[in-house]
Every structure is written in structure tokens, then in C-alpha cells.
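Peer 1: Here it is: the structure, laid out below.
No value in this document is a laboratory result; all are computed from the given coordinates. Keep in mind the model is a prediction, meaning the values are calculated, not measured. So basically every Cβ, Gly included, is an ideal-geometry build from the backbone, and we count neighbours across all protein chains shown.
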Amino acid sequence: MTQDGATQPVFDEESGAVQKHLEIMQGVITRMAENSRSCKVWCVTLVAATLVLVARTGEPTHALVALAPTVLFYLLDAYYHMLERRFRSSYRSFVGKVHSGEVGTSDLYAVTPEGSVKPDLCWSLFRSFSVPPFYVVVIGTILLAWQFVL
């Protein structure tokens, strides 16, 4: 019951509103994962193009130009990864509420990431198993090109 005495609707697993809410949340999670993947694709593309130019010109110091977009894509990728983790957590919390019968009208269609951004962004930047190793390899490749292109 609400404060004015009216009863709130019951939302269970079969409710159309619950199903739609879960679809929306799944869409957001998918977009965050796709954005993270796109960061990696664009990073590789720009670094490869830069290294091809370095090989053609024979100027190894130009390889260091590729570090700027690599660092920027690393930060952006970590941000998307962090958001994806937060939305997954929010999804799990919502499903838990559905199973325990605690879903209210105010829980529906409010798609927000759960938790604090700052600590989780630091996790994504330094301790995640999907973001740092990729960029370490890319930065290592750039530094090798810088050292060994004659």
C-alpha cells in the first residue's frame, strides 16, 4: 500500500514492465561493451597507421605520436568498462528484487549504474583483466618501433 491507501501493482518475472526494463538494461550493457570494443579497434587502427608511416619515413621518433591516442583510448575504454560493470551490478540488483517480490513502480525504467564511479574507474584502469593488458601490449609495440626502426 502507498501513503494514500492505494495498492501498488505486483511485478513478477512475467510482468511486461519487468521484461521491458530488463531489455533496456541489457541494451545499455551491450552498448557499453561495444563502446569498449570500439576503443580497442580504433586504437589498433590509429597505431598501425602511425607505425606504417614511421616505417615509410624511417623516423622512429614519429612512433611516439601514437602514444597520445593510445592513452586517450585507454582512459575511455576503462571508463566504458567501469560503466558496464556498474550497469551489470544494477541489473543483478534489479533481478534480485524481482525474485524477492520487492519491485515497485519506482524501480522500473530508472536505468542508472550502481555504485561509485571513482573507485571502480581506478579498478578498470589498473586491475581489470580486460583493459590494461591490451594497452600494455600496444604501448610496448609503439616503444619497440621507436627503438628499432632505423
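Peer 1: With each run of n ≥ 4 DSSP H residues scored as -39500 (n - 2.57), what mean residue ellipticity at 222 nm is computed for the chain after dividing by its residue count and rounding to the nearest 500 deg cm²/dmol?
Peer 2: When only DSSP H runs of four or more count, the value is -24500 deg cm²/dmol.
Peer 1: Would you mind telling me which residue in Arg56, Arg86, Arg37 has the biggest mean-square fluctuation in a Gaussian network model of the chain, where springs connect alpha carbons within a distance under 10 angstrom?
Peer 2: Arg56
Peer 1: If the elastic network links every pair of Cα atoms under 10 Å, which of Ser15, Ser89, Ser106 fluctuates the most in the Gaussian network model of the chain?
Peer 2: Of Ser15, Ser89, Ser106, the Gaussian network model singles out Ser106 as fluctuating most.
Peer 1: Report, in degrees rounded to the nearest 10, the 0 to 90 angle that the Cα long axis of helix 117-126 makes with the longest principal axis of the chain.
Peer 2: Once rounded, one gets 40 degrees.
Peer 1: Using only Cα atoms, find the angle between the long axis of helix 67-100 and the longest principal axis of the chain, and express it within 0 to 90 degrees, rounded to the nearest 10.
Peer 2: 20 degrees
Peer 1: Then there is this: Quick check: pseudo-label points 7 Å beyond the Cα along Cα→Cβ at Gln26 and Trp42, how many nm apart are they?
Peer 2: 2.8 nm
Peer 1: Same structure, new question: On a full-extension model of 0.36 nm per residue, what is the gain between Val95 and Val71, subtracting their alpha-carbon distance, rounded to one decimal in nm? Kindly include the intermediate steps, with their values, before the conclusion.
Peer 2: Numbers: separation 24, 0.36 × 24 = 8.64 nm, distance 3.62 nm.
Extending this stretch completely gives an extra 5.0 nm.
Peer 1: Let me ask something else about it. Taking the chain as the reference, fit the longest principal axis to its C-alpha atoms, fit the long axis of helix 16-57 to the helix C-alpha atoms, and give the angle between the two in degrees, 0 to 90, nearest 10.
Peer 2: Tilt relative to the chain: about 0 degrees.
Peer 1: Please return the longest stretch of the chain lacking exposed loop sites, where GluC sites (Glu not before Pro) count only if DSSP places them in a loop and at most 15 other Cβ atoms lie within 10 Å.
Peer 2: Working: sites that count: Glu13, Glu14, Glu102, Glu114.
With GluC sites (Glu not before Pro) excluded where exposed in loops, the chain gives 15-101 as its longest stretch.
Peer 1: Additional query: Let me know the longest stretch in the chain that avoids all chymotrypsin sites (Phe, Trp or Tyr not before Pro) found in a DSSP loop with at most 11 other C-beta atoms within 10 Å.
Peer 2: Excluding the exposed sites themselves, the longest stretch runs over 1-108.
Peer 1: About the Cα centre of the chain, how large is the charge dipole given +1 on each Lys and Arg Cβ and -1 on each Asp and Glu Cβ? Please answer in debye to the nearest 20. Don't skip to the end; give the middle numbers.
Peer 2: On the way: 12 positive and 13 negative charges, 135 e Å.
The dipole of the chain has a size of about 640 debye.
Peer 1: Using Cα springs under 10 Å in a Gaussian network model of the chain, which residue among Thr30, Thr50, Thr105 shows the largest mean-square fluctuation?
Peer 2: Evaluated over the chain, the most mobile residue of the options is Thr105.
Peer 1: Using only the Cα atoms of the chain, what semi-axes does the equivalent ellipsoid have when each is the square root of 5 times a gyration tensor eigenvalue? Give whole Å, largest first.
Peer 2: That gives 47, 13, 10 Å for the three semi-axes.
Peer 1: When only C-alpha pairs under 8 Å and at least 6 residues apart count, what is the relative contact order of region 16-148, in percent?
Peer 2: Numbers: 116 pairs, mean separation 47.5, N = 133.
Value for region 16-148: 36 percent.
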